[in-house]
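Chemist: Okay, here's the structure, questions in a sec.
Read-outs: derived from the displayed coordinates by stated rules, not from any lab. Values in this document were obtained by computation on a predicted structure and should not be read as measured data. In this analysis, Cβ positions are derived from the backbone assuming ideal geometry, glycine residues included, and neighbour counts consider all displayed protein chains.
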Amino acid sequence: MTRLLRVCILALLAEPLAASGDAVPDTWWPHIQESFFAGQPIQDGEPFIRLHAPERAEDASLTPFSFQVELPPGDALKRAYLFTDANPIPLTALFHFPDSTHQADISTRIRLDKNSYVRVIAETTAGRLFMHRIAIKTPGGGCGGGVGGDEASLRQQAGRIKLKTEPGAIGFHIRHPMRTGFERTPMGYYAKAWFINRLDFSMNGHPILGIDIGPGISADPYFRIGYPGAEPGRIAVEAADNEGNRYTQNDHQGD
């Protein structure tokens, strides 16, 4: 059984224990922690990790979220995990950083199935883990809904990328429905999951950031990446989805 499948099953079993109403329960985290970080100590990361999100997200399918990581001297950043605890698939994204990375600054938009803690766990190259979390309340339903519209047109437009580089930052946007597998078709059955699952950013051919993405990222994914060495005209991105489609763009190409 895969780790993600095990987390989903455990989360469903824990569902009746979750607090109702306007509360933000912390029911799911022990299962997530056991599946991803069993036996590993996780330190308080609040001094090194800053999180930004609305206290209440009015649109559960399009919730702005950003984080910054600045590690203590002597530590280098290897990975950063983004979890949305109460989502059916809690691992929302996993960021992979090149060697000698000490800071990260990422903005995106996420889905919320219900009131949830959203947490970032920074993993250093030495194997240390730091965590910070934030509670977000929402009307819910951001991972479900219905599927409609012109499927042929949707697939024709999927993969269109806008890539903009400015001094110190990279802006990325891609057209894609990011279907979670929990939306229903007009016939009443669940639509097949279809989502971007990987992004790779490079500058002058050298990797600067890789992102494993889950369907907890909002439709038409958006990322703003702080990168002090970003140079306009030298950034490229390759995106892939779970159907094996690949999409590429350079920031000197037209939108």
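Chemist: Where in the range 169-255 are there GluC sites (Glu not before Pro) that are in a DSSP coil and have at most 13 other Cβ atoms within 10 angstrom of their Cβ? Show your work: numbers first, answer last.
Modeler: On the way: sites: GLU183, GLU238, GLU243; in loops: GLU183, GLU243.
Within the range 169-255, the qualifying GluC sites (Glu not before Pro) (loop, at most 13 other Cβ atoms within 10 Å) are GLU243.
Chemist: Whole angstrom only: what separates the Cα centroid of the range 47-94 from the Cα centroid of the range 27-43?
Modeler: 16
Chemist: Can you list the chymotrypsin sites (Phe, Trp or Tyr not before Pro) in the range 141-250 that are in a DSSP coil and have 13 or fewer other beta carbons within 10 angstrom? Intermediate results must be reported in sequence, preceding the final value.
Modeler: Values: sites: PHE172, PHE182, TYR189, TYR190, TRP194, PHE195, PHE201, TYR222, PHE223, TYR247; in loops: PHE182, TYR189, PHE195.
Within the range 141-250, the qualifying chymotrypsin sites (Phe, Trp or Tyr not before Pro) (loop, at most 13 other Cβ atoms within 10 Å) are TYR189.
Chemist: OK, next. Amide H neighbours of THR92 under 5 Å, counting only residues 5+ apart in sequence or on other chains, H built in-plane at 1.01 Å?
Modeler: It is LEU82, PHE83, THR84, by chain and number.
Chemist: Which of HIS176, HIS132, HIS52, HIS206 comes first, and how do the rest follow, when ranked by fewest Cβ neighbours within 10 Å? Mind dumping the intermediate values first?
Modeler: Working: HIS176 25, HIS132 19, HIS52 11, HIS206 8.
In order of increasing Cβ crowding within 10 Å: HIS206, HIS52, HIS132, HIS176.
Chemist: Now a separate question. 7 Å from Cα along Cα→Cβ at both ARG50 and ALA126: what's the point-to-point distance in nm?
Modeler: Label at ARG50, label at ALA126, 2.4 nm between them.
Chemist: Could you put VAL69, VAL147 in order, starting from the residue whose Cβ has the fewest other Cβ atoms within 10 Å? Each step should come with its number before you reach the end.
Modeler: Numbers: VAL69 22, VAL147 18.
So the ranking, lowest neighbour count to highest, is VAL147, VAL69.
Chemist: Could you list LEU77, LEU51 in order of exposure, starting from the residue whose Cβ has the fewest other Cβ atoms within 10 Å?
Modeler: Values: LEU77 24, LEU51 18.
Ranking LEU77, LEU51 by Cβ neighbours within 10 Å, fewest first, gives LEU51, LEU77.
Chemist: Let me ask something additional. Taking Rg and Dmax of the Cα atoms in Å straight from the coordinates, which label in (1) 19.2, 62; (2) 16.8, 53; (3) 18.1, 57 is the correct one?
Modeler: (3)
Chemist: For the range 35-103, place one equal point scatterer on every Cα, skip the solvent, and apply the Debye formula. What is log10 of I(q)/I(0) at q = 0.14, 0.18 Å⁻¹?
Modeler: Here the Debye-derived log intensity ratios amount to -0.55, -0.89.
Chemist: Along the range 203-215, what does the Karplus equation 6.51 cos²θ - 1.76 cosθ + 1.60 (θ = phi - 60°) give for ³J(HN,Hα), rounded to whole Hz, x for Gly and Pro?
Modeler: Here the 3J(HN,Hα) series is 10, 6, x, 9, x, 10, 6, x, 10, 8, 10, x, x Hz.
Chemist: Once fully extended, how much extra length lies between ARG198 and THR248, figured as 0.36 nm per residue of separation less the alpha-carbon to alpha-carbon distance?
Modeler: Values: separation 50, 0.36 × 50 = 18.00 nm, distance 1.17 nm.
Additional length available on full extension: 16.8 nm.
Chemist: Okay, moving on. Using the beta-carbon distance between ILE42 and ARG155 and R0 = 41 Å, what value does 1/(1 + (r/R0)^6) give for FRET efficiency, to the nearest 0.05? Could the numbers behind the result be given before it?
Modeler: On the way: r = 41 Å, r/R0 = 1.00.
So, using R0 = 41 Å, E works out to roughly 0.50.
Chemist: Then there's this: Which of the peptides 135-141, 149-155 is most tightly packed, and how do the rest follow, judged by the mean count of other Cβ atoms within 10 Å per residue?
Modeler: Working: 135-141: 17.4, 149-155: 11.0.
Taking the mean over residues of other Cβ atoms within 10 Å, the ranking is 135-141, 149-155.
Chemist: List the lysines whose alpha-carbon lies under 26 Å from that of LYS137, not counting same-chain residues fewer than 8 positions away?
Modeler: The reachable lysines, counting only those whose Cα sits under 26 Å from LYS137, are LYS114.
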